[in-house]
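Report on the following structure.
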Amino acid sequence: MKFSGVRKILMVTGGVFLFAFMLGKAQPLDFNEHNRYVDNINHLKEIDGEIDREILKAKSGITKDYKPIINDFATRKDYELQLQLIPRFIDRQCQRKINNSLQAYMELLQQKEQLFEEFKDKNSILQNSLSYLPIAVSEFSTKAAENYSDSQLATELNNLLKDVILYNFYSTQESSSEDLTAKINTLIEKITQLKGESTEYTDLDTAIANAKLIVENQPQVNSLVAQIRVIPTNQSSEKLSELYDVCSQEAIDTTNIYRIVVYVVSAVLTASISIYTIQKLRKSAAIVEEAEEKYKSIFETSVEGICQTTTDGGYIRVNSTLAQIYGYSSAEELCGKINDIGRQLYVQPHRRDEFVQGIQKQGSVSGFESQVYRKDGSTIWISEKARAVCDRQGNLLYYEGTVEDITVRKAWQEALRNEQEQSDRLLLNILPQLIAERLKQKQSTIADSFDEVTVLFADLVGFTELASRLSPTQLVELLNQIFSAFDELSQGYGLEKIKTIGDAYMVVGGLPKPRRDHAEAIAQMALDMQKIISHFNTQNNQALSIRIGINTGPVVAGVIGIKKFSYDLWGDTVNTASRMESQGKANRIQVTEETYQRLKDKFVLEDRGEIPVKGKGKMQTYFLIGKIDGDK
């Protein structure tokens with residue numbers, strides 16, 4: 001007997017310890033930490049890609065503002081610090097691996113930042129020289145037109161400008177750039193010899209100096225960009241992301257072994273996050289690829305067309321680039337076929353007249369955008385920059401200028417405009433209107449404290465058993481039918497739906513716009529939710545129950561996330577409301593003392609007594625039965 005008693009005690013003690021061990025292992029992981037870490041990795045990837053794109057824009061002269069790149073480098077340091085805070089549910093061995101991978105990634109980004117600083121200095125000199133060289137050549141050519149003895153210098157200087165432009169265009173092609181470098185140096189020597197010892201050619205000296213700077217700095221800029229692009233930051237970030245995915249999955253698998261029910265929810269959540277991450281990565285990759293293709297197209301056609309036109313709309317001279325823009329095989333064919341630009345070229349009538357009037361009024365036009373016909377009858381968009389050329393007496397001789405094909409840019413602008421409109425519509429679907437308006441005003445942090453709101457948590461009892469009997473499609477359709485009805489209730493009572501997690505539903509009254517009757521509105525919705533479940537069971541021959549918990553008190557509400565916005569609540573009030581639901585009874589509405597005090601005059605409530613609540617001790621709770629007869 002004694003042995004049997006001891007054995008029972010040992011078995012009970014062992015069972016208690018085993019249960020405690022299982023319970024500890026079954027505690028859910030902190031997915032907020034997980035999502036934060038995944039988001040930080042993704043943000044760091046996006047910043048890395050944005051840095052590469054901005055550097056390419058700066059190299060091509062599309063932008064001269066380095067502030068976005070500098071800001072990106074500063075932002076990525078913030079994310080690096082956040083990534084050092086590895087989620088606590090990751091085991092120590094995995095944390096060491098992640099730290100090592102993160103350190104390697106940070107070293108690559110630091111190397112890229114150092115190369116960018118060198119690139120910024122060199123590229124600034126290069127872009128300034130590319131901007132000032134045509135100006136210096138133009139000013140000297142203007143002066144040379146007044147002095148016949150300088151005409152040869154002007155001719156050679158224009159040849160130098162052409163070769164420098166070609167050199168800049170073909171700078172990435174080693175064989176072509178070497179030939180052009182030699183040709184440019186020869187031209188510089190020739191111009192220097194023609195100039196002699198004279199100090200009267202300030203513009204000429206400026207042009208030569210800028211040409212030398214371009215030849216000197218272009219290879220260095222190309223080399224720096226190439227070094228930046230070959231730094232394997234993308235592969236390193238992917239390695240970090242994959243390593244973290246492996247470690248987090250190990251933690252999830254360990255938890256799932258001890259808690260089967262949580263496994264289902266965790267698996268769905270993990271799958272959703274994985275699918276979302278993959279979709280976002282694929283979408284980001286597609287956007288980057290599309291942007292690179294568009295940028296490549298713009299870059300390859302960036303050499304402008306040059307033309308001289310008569311006052312009555314004929315071409316005097318054009319270059320081959322302009323002929324290519326308009327779809328002609330040669331400059332001669334273009335000049336021969338087009339003898340009335342206003343009638344044959346422009347899509348919009350009188351556009352040529354507006355072009356001429358602009359020059360007559362201001363002396364020149366810039367950014368004059370028009371839609372024109374190509375040889376095959378198709379239309380493109382062009383941007384013209386032109387001025388009037390007059391003789392010494394001021395008589396108009398002809399117009400000269402440049403033409404740029406901006407069709408791709410127009411299409412891109414339209415696509416971006418459509419994307420912005422779609423983003424605005426999506427924002428209003430996932431956030432309250434007041435919060436969405438504040439977010440669109442670019443507030444860095446949206447967080448508000450509310451002194452008193454009422455929070456409701458609801459959970460479908462019997463959902464797990466129902467899920468085992470229905471197909472996924474049938475299950476989602478039934479769940480959508482119930483939650484859609486709940487959404488209509490929340491909208492009808494002026495309440496704010498916060499989120500759904502599996503078969504759980506959360507709604508709050510009294511925010512973002514405060515209201516006095518928030519507790520009454522929540523109570524009425526809870527009663528109607530019971531009616532909806534009863535009606536649903538009758539229509540669908542089901543036996544679902546609903547368990548509802550309500551609490552009133554202060555909360556903090558705000559927007560979290562950058563790419564996937566979420567409006568959420570925090571505070572003891574929220575946790576207590578959740579406890580009211582989880583420790584309630586099926587088909588009953590359990591409320592706290594705080595909520596009871598606000599409902600007792602208009603609603604019928606039943607005293608449940610004190611119940612133990614995790615983290616709170618014993619709490620007095622009540623069951624909400626219905627409204628008092630005659631009270632509206």
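No lab work stands behind these numbers, since they all come straight from the coordinates. Given the structure is predicted, the values throughout are model-derived calculations rather than measurements. Note that each Cβ is placed from the backbone with ideal geometry, even for glycine, and that neighbours are counted across all protein chains shown.
Computed values, structure above
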quantity: Set Lys162/Lys361; Lys143/Lys190; Lys59/Lys375 screened for pairs whose C-alpha atoms are more than 27 Å apart; calculated: Lys162/Lys361; Lys59/Lys375
quantity: Point-to-point label distance, Asp245-Val476, nm (Cα→Cβ direction, 7 Å offset); calculated: 2.1 nm
quantity: Potential lengthening between Val389 and Gln620 on full extension [0.36 nm per residue; Cα-Cα distance subtracted]; calculated: 73.9 nm
quantity: In order through the stretch 182-187: 3J(HN,Hα) via Karplus (6.51 cos²θ - 1.76 cosθ + 1.60), integer Hz, x for Gly, Pro; calculated: 4, 5, 5, 4, 5, 5
quantity: Computed FRET value (nearest 0.05) for Lys513 with Lys162, which takes r as the C-beta separation and R₀ as 51 Å; calculated: 0.15
quantity: Calculated FRET value between Glu333 and Thr192, using beta carbons and R₀ = 56 Å, to 0.05; calculated: 0.90
quantity: Phi-based couplings in Hz for the stretch 335-347 (Karplus 6.51, -1.76, 1.60; Gly and Pro marked x); calculated: 5, x, 8, 9, 10, 9, 4, x, 8, 8, 9, 6, 6
quantity: Estimated vicinal HN-Hα couplings, Hz - the stretch 85-90 in sequence order (Karplus 6.51, -1.76, 1.60; Gly, Pro = x); calculated: 8, 6, x, 5, 7, 7
quantity: Per-pair calculated FRET efficiency, R0 = 60 Å: Lys531 and Thr63 via Cβ, rounded to 0.05; calculated: 0.50
quantity: Among 385-392, 94-101, 589-596, the order from most to least packed when residues are scored by Cβ within 10 Å on average; calculated: 589-596, 94-101, 385-392
quantity: Packing-based ranking, highest mean first, of 216-223, 412-419 given that Cβ atoms within 10 Å are counted; calculated: 216-223, 412-419
quantity: Under-5 Å amide H pairs with Lys627, H placed in peptide plane, nonlocal only; calculated: Val604
quantity: Contour minus Cα-Cα distance for Arg608 and Glu594 (0.36 nm per residue); calculated: 3.6 nm
